[in-house]
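Scroll down for the structure; my scribbles are underneath it.
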Amino acid sequence: MLFDYYEPKKIKMWMKNTHIPLDMIFISQVGKVTYIVERTIPHSEVIIVSKGLARAVLEVNAGTASRLGIKLGDIVEHPIFGNHKR
């Protein structure tokens, strides 16, 4: 799931109502991966905070970031970042 916050800001999330572990990928205004939190804990109330400003968070199944080799600095292409290639 892609959460778009429309403006770059420090994003805070938690897992309180989530039943499965996730990877959270924080993404800048231009689509650059700025922070990754892997294998979050379901139902946790611990606050997960972006390091620096982010526009969006992509949540994927736990282990996906590692399996796909997603790393800091990678670029996410999507229309909200203005970098979508047709």
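The values are calculated or read from the model by the stated rules, or taken from the named source; none is laboratory data. Computed from a prediction, not measured in an experiment: that's the story for all the values here. Cβ: placed from backbone, ideal geometry, glycine included. Neighbour counts: every protein chain shown. Protein only, heavy atoms only, side chains kept; ligands, DNA and RNA dropped before computing areas. Shrake-Rupley method; radii C 1.70, N 1.55, O 1.52, S 1.80 Å.
Tell me, which residue of the range 35-86 that is open to solvent by less than 40 Å² (accessible area, probe 1.4 Å) and of a type in the set (Ser, Thr, Tyr) is farthest from the chain's Cα centre (by Cα)?
Ser44
Can you pull out the residues in the range 1-27 that are surrounded by 13 or more Cβ atoms within 10 Å (Cβ to Cβ), without any contact (Cβ under 8 Å) to a residue 40 or more places away in the chain and in contact with a strand residue (DSSP E or B) (Cβ under 6 Å, 6 or more places away or on another chain)?
Correct list: Met24, Phe26.
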